[in-house]
Amino acid sequence: MANLMRRLDEVAKAERARRVVGLSVWLGALSHISAEHLAEHFEQAAAGTIAEGARLDVTVSDDLHDADAQEIVLESVEVEI
Ligand SMILES: [Zn+2]
């Protein structure tokens, strides 16, 4: 989650965003976290940051053999400039 938040912050800074409106996250089959659980953690981590209240779209993979199966990948970020 810390990694995800750091990458989100990098993207927001690069885009000179005032706030993060939404983000898409891809959840590897072996990432050991459910979409619901991820959403809970995101809500907590985003509180008080420019990503507070951002819409979170999660794609859950069931491909155990994917090279990123253990990863949580930030796929896209929608910002308000
Ligand atoms: Zn937890």
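The values are calculated or read from the model by the stated rules, or taken from the named source; none is laboratory data. Keep in mind the model is a prediction, meaning the values are calculated, not measured. For neighbour counting, all protein chains shown are included, and Cβ atoms are generated from backbone atoms with ideal geometry for every residue, glycine included.
Close Cβ contacts (under 6 Å, 6 or more residues apart or on different chains) running from residues in segment 1-17 that are over 14 Å from Val79 (Cα atoms) to residues that are surrounded by 11 or more Cβ atoms within 10 Å (Cβ to Cβ) comprise Met1/His41; Met1/Ala45; Leu4/Ile72; Leu4/Leu74; Met5/Ala45.
Is it the case that some residue within segment 1-11 is under 9 Å from the mean Cα position of the chain (by Cα), within 16 Å of the ligand (Cβ to nearest atom) and part of a loop (DSSP other than H, G, I, E, B)? Checked segment 1-11: at least one residue is under 9 Å from the mean Cα position of the chain (by Cα), within 16 Å of the ligand (Cβ to nearest atom) and part of a loop (DSSP other than H, G, I, E, B). Can you pull out the residues in segment 1-45 that are closer than 22 Å to Gln70 by Cβ and charged (D, E, K, R)? Arg6, Arg7, Glu10, Glu36, Glu40 - these are the residues of segment 1-45 that are closer than 22 Å to Gln70 by Cβ and charged (D, E, K, R). As for segment 32-45, it holds no residue that is assigned to a helix (DSSP H, G or I) and of a type in the set (Val, Ile, Thr). Within segment 15-44, the set of residues being at positive phi and more than 16 Å from the ligand (Cβ to nearest atom) comprises just one member, Arg16. Among the criteria (1) surrounded by 12 or more Cβ atoms within 10 Å (Cβ to Cβ); (2) within 16 Å of the ligand (Cβ to nearest atom), the one Ala47 does not fulfil is (1). For Ile81, the criteria (1) at pLDDT 95 or above; (2) more than 10 Å from the chain's Cα centre (by Cα) hold in every case but one, which is (1).
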